[in-house]
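Here is the structure we will look at, set down as structure tokens.
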Amino acid sequence: MLYIVATPIGNLDEITRRALDVLRSVDFIAAEDTRHTAVLLNKYGITTKTVAYHKFNERSAVDGIIARLKAGESAAVVSDAGMPAVSDPGHILIDAAIANGVEFTVVSGACAAVDALVLSGLPTRAFTVLGFLPEKNIDRKRFVEPYKTVPSTLVFYSAVHDIKKDLEFLHAELGARRVAVCREMTKLYETVTRGRLGDALDVTEKGEFAVVVEGALDNDYAALTVEEHLKTYVDDGMDLRDAVKRVAADRRVAKSEVYKIAELIKEKR
């Protein structure tokens, strides 16, 4: 049996009893970073042997892992944090398990994308996890292009040395959408910075990041400013208070946010 085991994304106390039981009982653990995983195992007194299974040896290591599984051993695969195969090694091994008739299951737990989505305060009904942006700018543009018009909330991962560059890029490609930058989730210094892409967001450049971006507006008002949007309703004879409600609903923002713009319009009259 192969177990795909989720591990804590920060706080080591956030691991399930089942995950600990599995890590103790398997014959070996395939770990993204054996030294990193050792910290978790040592905390809980787990002595199971580990083997390296990371993005640089993922394809070459698979055959050996599958051979051991087919010989009757059991294994757990873990990434440094969160759910393996979600922007981490794991998918190639799962493909190989299916191809070789090896049984596998998931041991539930943390996933940074889901934590960030909930912390963001943005719509959760539909979301798309896009993980880390490619390194080269031309590859980034190609990667993001199909998602510019997708109405679901978008979740990206970002490393500390990329966060400012990533935010600038997302603003250039997606516009001034609402955004939440989640840092060091579940840890002592967890922070969530909310605003809009293009704002001067006060983001501490330390730790790991998840960036949650509002999906595309699925109506004809996406290209309008809030003031222009309000004006379309008011010019049609709608009361300003009712126009505020409609605009807030159209743009999926708080009425208070639109009301501030409405007050400025009143002052201009």
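The values are calculated or read from the model by the stated rules, or taken from the named source; none is laboratory data. In this text, all values refer to a predicted model and were calculated from it rather than measured experimentally. We place every Cβ from the backbone using ideal geometry, glycine too, and count neighbours over all the protein chains shown. The accessibility values were calculated without ligands, DNA or RNA, using every heavy atom of the protein model including side chains. Shrake-Rupley method; radii C 1.70, N 1.55, O 1.52, S 1.80 Å.
Laid out as a table, the results:
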{"quantity": "Complete set of residues in the range 150-167 that are open to solvent by 60 Å² or more (accessible area, probe 1.4 Å) and either touching a Leu at 6+ places or on another chain (Cβ under 6 Å) or assigned to a loop (DSSP other than H, G, I, E, B) (or both)", "calculated": "P151, H161"}
{"quantity": "The one condition in (1) in a helix (DSSP H, G or I); (2) in contact with a strand residue (DSSP E or B) (Cβ under 9 Å, 6 or more places away or on another chain) that P123 fails to fulfil", "calculated": "(1)"}
{"quantity": "Residue within the range 101-113 that is within 30 Å of A249 (Cβ to Cβ) and in contact (Cβ under 8 Å) with a residue 40 or more places away in the chain present", "calculated": "yes"}
{"quantity": "Subset of the range 190-219 (residues that are part of a strand (DSSP E or B) and in contact (Cβ under 8 Å) with a residue 24 or more places away in the chain)", "calculated": "V192, R194, F209, A210, V211, V212, V213"}
{"quantity": "Selection count, the range 51-100, where residues are over 21 Å from S158 (Cβ atoms), surrounded by 17 or more Cβ atoms within 10 Å (Cβ to Cβ) and touching a Ser or Thr at 6+ places or on another chain (Cβ under 6 Å)", "calculated": "1"}
{"quantity": "Cross-chain or 6+ apart pairs with Cβ under 6 Å, the range 42-69 first and at negative phi, then open to solvent by 60 Å² or more (accessible area, probe 1.4 Å) and in a loop (DSSP other than H, G, I, E, B)", "calculated": "I66/N100"}
{"quantity": "Condition broken by V106, with the remaining ones in (1) at negative phi; (2) open to solvent by less than 50 Å² (accessible area, probe 1.4 Å); (3) part of a strand (DSSP E or B) satisfied", "calculated": "(2)"}
{"quantity": "Which numbered condition L201 misses (of (1) within 27 Å of L12 (Cα to Cα); (2) open to solvent by less than 70 Å² (accessible area, probe 1.4 Å))", "calculated": "(1)"}
{"quantity": "Pick from the range 9-49, criterion more than 27 Å from the chain's Cα centre (by Cα) and either of a type in the set (S, T, Y) or under 20 Å from I94 (Cβ atoms) (or both), ranking: surrounded by the fewest Cβ atoms within 10 Å (Cβ to Cβ)", "calculated": "T47"}
{"quantity": "Single residue of the range 128-149 satisfying the filter (touching a helix residue (DSSP H, G or I) at 6+ places or on another chain (Cβ under 9 Å) and in a loop (DSSP other than H, G, I, E, B)) that is least open to solvent (accessible area, probe 1.4 Å)", "calculated": "L133"}
